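What follows is a set of notes on a single structure, which appears directly below.
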Amino acid sequence: MINNLNSDIETKVLVQHIYMSVFKAQRIINQIRGRSYEETLMILELMPYWASYPILKLVYSAAANASNNMDLNETNLFISKAEVNRGAIFKKSGPRVLGHSYIIKKIKKKTCHIKIILKELKEK
């Protein structure tokens, strides 16, 4: 785990309304928080969980933003902060008589918001 509080340059990326439970995403985010970019990619590619794929795409996107927009080197990046927050819960509706609909009580689609902040590791 890397703890470097002297970095000034950071890249933020946020994705909202992912169809995933907060607890499933939190299990993966806890594994990658505070690690370097390259180590994070290895961990996410080898994890057997379905939820690691959207988080892997998010980390790729954050690193691409850092290298293209801020001219940062991807090998010096590390994940300084990663959050998972609860999003909206969508309820499924089913058909009824005369074109009406009703809410199916058992089917609820949970969503979450994921925020990842990458910082550059300063060499001393």
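The values are calculated or read from the model by the stated rules, or taken from the named source; none is laboratory data. Note that the structure is a prediction, hence the values are computed from the model and not measured. Reconstructed Cβ throughout: ideal geometry from the backbone, glycine too, with neighbour counts over all protein chains shown. Ligands, DNA and RNA are excluded from the accessible area calculation, which covers all protein heavy atoms including side chains. Shrake-Rupley method; radii C 1.70, N 1.55, O 1.52, S 1.80 Å.
Mind checking the angle between helix 22-32 and the chain's longest principal axis? C-alpha axes, 0 to 90 degrees, to the nearest 10. Helix 22-32 sits at roughly 10 degrees to that axis.
The residues of the chain present an accessible area of 67 Å² per residue when probed at 1.4 Å with all protein chains retained. What angle do you read, to the nearest 10 degrees and between 0 and 90, between the alpha-carbon axis of helix 52-69 and the longest principal axis of the chain? Long axis of 52-69 versus the principal axis of the chain: about 50 degrees. Calculated FRET efficiency, Asn68 to Lys24, Cβ-Cβ distance, R0 = 41 Å: about 0.85 to the nearest 0.05.
Helix-only arithmetic for the chain: the sum of -39500 (n - 2.57) across DSSP H runs with n ≥ 4, divided by the residue total, places the mean residue ellipticity at 222 nm at -10000 deg cm²/dmol. Per-atom-type breakdown for the range 16-124 gives carbon and sulfur 51% of the accessible area (1.4 Å probe, protein chains only). Working ranking of peptides 29-37, 92-100, 11-19 by packing, defined as the average number of other Cβ atoms within 10 Å per residue, highest first, is 29-37, 11-19, 92-100.
I need the fraction of alpha carbon pairs in the range 1-120 separated by more than 18 Å, rounded to a whole percent. For the range 1-120, the fraction of Cα-Cα distances above 18 Å is 56 percent.
Summarising the label geometry, the points placed 7 Å from Cα in the beta-carbon direction at Glu39 and Ile117 lie 2.0 nm from one another. Exceedance of the 28 Å cut-off in Cα-Cα distance is limited, within the set Lys81/Lys106; Lys57/Lys109; Lys81/Lys110; Lys24/Lys106; Lys81/Lys105; Lys24/Lys105, to Lys81/Lys106; Lys81/Lys105.
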